[in-house]
Amino acid sequence: MTADSVPASPSAAPQAGDGLVPECLRGLYAELEEALTPWGEAEVAPLRHYIACRRMVNIASVLFRPKHEMILFYLRLDPDTVELEEGFTRDMRGIGQLGTGDLEVRVSSAATLEKAVPLVKRAYEAA
């Protein structure tokens, strides 16, 4: 067996959407992807302008704002069922945006991601 025929180790395999994820947000995105894909039941699909996370239907659409070092994701949740918080969540009904979901969530740190996890779980359970 030559070195060329040795399969790459799983840790060397690229993450879903690596081409879309800016370097400055990769660590935060890895944590977000774990929250979006619990138990391996959800599929992460990199698309042209965003990354879709779907189970039976899209659960979330993820976009990156490297200039602001922020990840935006849109969840398939009714904004009326969530207490909206300025700078963290926003009602996107009637506002044009890429992807799926009526609730925008802004994540810029591990602390804001931790606040977002219960919303992700609700969207996941509803899918």
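Rule-based calculations on the coordinates, nothing more; no lab input. This one's a predicted model, so the numbers in the text were calculated from it and none came from an experiment. Heads up, the Cβs are rebuilt from the backbone with ideal geometry, glycines too, and the neighbour counts pull from every protein chain shown.
Worth a mention:
- Taking 0.36 nm per residue of sequence separation and removing the Cα-Cα distance, the MET70/GLN97 pair yields an extension gain of 8.1 nm.
- In terms of overall dimensions, the range 38-95 has a Cα radius of gyration and Dmax of 12.7, 33 angstrom.
- The range 86-127: GluC sites (Glu not before Pro) falling in loop per DSSP and having at most 11 other Cβ within 10 Å: GLU86
- If you model the range 21-126 as an ellipsoid using its alpha carbon gyration tensor, with each semi-axis the square root of five times an eigenvalue, the axes come out at 18, 17, 14 Å, biggest first.
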